[in-house]
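Some notes on the structure that comes next.
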Amino acid sequence: MTDRATAIRIAPRAGLVIAMAAFLGVVAFFWPFLVAPGKFGSNYAPPLIFGVLLVIVLCVVLSEIAEGGINSKALAMLGVLSAVNAAIRPLGAGTAGIETVFFILVLAGRVYGPGFGFTLGCTSLFASALITGGVGPWMPYQMFGCAFVGMLAGLLPRATGRREVLMLAVYGSLSGYLFGFLLNLSFWPFSLDPNSSIAYLPGLPFTEQFHRYLAFDLATSLGWDTGRAVTNFVCVTLAGPAVLTTFRRAARRARFQAPVEFR
């Protein structure tokens, strides 16, 4: 295994489950643009989708364990990084958009692969919510927002040295805006007076509805998302080389993909 190879590869079945979970996550985020007004789903679909998504996340972990995609060593790494992220998140959350949870998620997704990054995003936010008492209807959105950040980090093109660190720093910055863009969808349909020009208005064409949402996102959270983006860029730039080296050294020593031999 080279330093730039994905340290934890997932089996095809686990990959299919992750793809299903990611697809349902996209549906859950963008339901205001997909659900027709006046239908059963307009009021009850989001909670039902959240429940299904949580079950799918559990299936992701169990499927990867069953298929060997996450063996005991990889599961231990997942637990350690989830605990670290849960512990450091309160250090920045809530202060001018500063979020300290993303740079580890980006770097771990880069080294250990998209499947591991997806699962780490979910477990990190779940553990953090339990520690801080942040359990609520927003939690599934946060879990899957971070899952997408970790998964996409594992899908970035190959690069080495300073180019890799710069690529990850730029991606970390963009992921700060992406996370905010997705999370705002969780409360936008319920947060404004319908008479507002940037409020969700059932029945509008997609283009006009999306234009309203873009205006809402820019007006309400651009500054907050910028704080998150800057934090991600600075953390990855400063700590990225050392953390990447540490993660890759741990992957070499753990030999996650080493074949099992019975004697």
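The values are calculated or read from the model by the stated rules, or taken from the named source; none is laboratory data. As the structure is a prediction and not an experimental result, all values here were calculated from the model. Because the Cβ atoms are built from the backbone with ideal geometry, glycine has one as well, and the counts that use them run over all protein chains shown. Quick note on the areas: whole protein, heavy atoms, side chains included, nothing else; ligands and nucleic acids left out. Shrake-Rupley method; radii C 1.70, N 1.55, O 1.52, S 1.80 Å.
Scanning the range 214-248 for residues that are of a type outside the set (Val, Ile, Thr) and without any contact (Cβ under 8 Å) to a residue 40 or more places away in the chain yields a total of 9.
Considering (1) of a type in the set (Gly, Ala, Ser); (2) open to solvent by 60 Å² or more (accessible area, probe 1.4 Å); (3) outside any helix (DSSP H, G or I), the lone condition that Ala87 does not fulfil carries the number (3).
For the criterion of being within 23 Å of Ile98 (Cβ to Cβ), open to solvent by 40 Å² or more (accessible area, probe 1.4 Å) and in a helix (DSSP H, G or I), Leu168 fails. For the range 106-117, the condition of being aromatic (Phe, Trp, Tyr), assigned to a helix (DSSP H, G or I) and surrounded by fewer than 24 Cβ atoms within 10 Å (Cβ to Cβ) holds for none of the residues. Examine the range 137-158 for a residue that is open to solvent by less than 70 Å² (accessible area, probe 1.4 Å) and over 17 Å from the mean Cα position of the chain (by Cα), and state whether such a residue exists. For the range 137-158, residues open to solvent by less than 70 Å² (accessible area, probe 1.4 Å) and over 17 Å from the mean Cα position of the chain (by Cα): absent. Determine, yes or no, whether Thr246 is open to solvent by less than 60 Å² (accessible area, probe 1.4 Å), assigned to a helix (DSSP H, G or I) and among the β-branched types (Val, Ile, Thr). Judged against the criteria, Thr246 is not a match.
Considering only residues that are touching a residue at least 40 places away in the same chain (Cβ under 8 Å) and either closer than 16 Å to Leu178 by Cβ or open to solvent by 60 Å² or more (accessible area, probe 1.4 Å) (or both), which ones fall in the range 195-212?
Pro202, Gly203, Phe206, Phe210
Against the list (1) over 18 Å from the mean Cα position of the chain (by Cα); (2) not in a helix (DSSP H, G or I), the condition Ser186 fails is (1).
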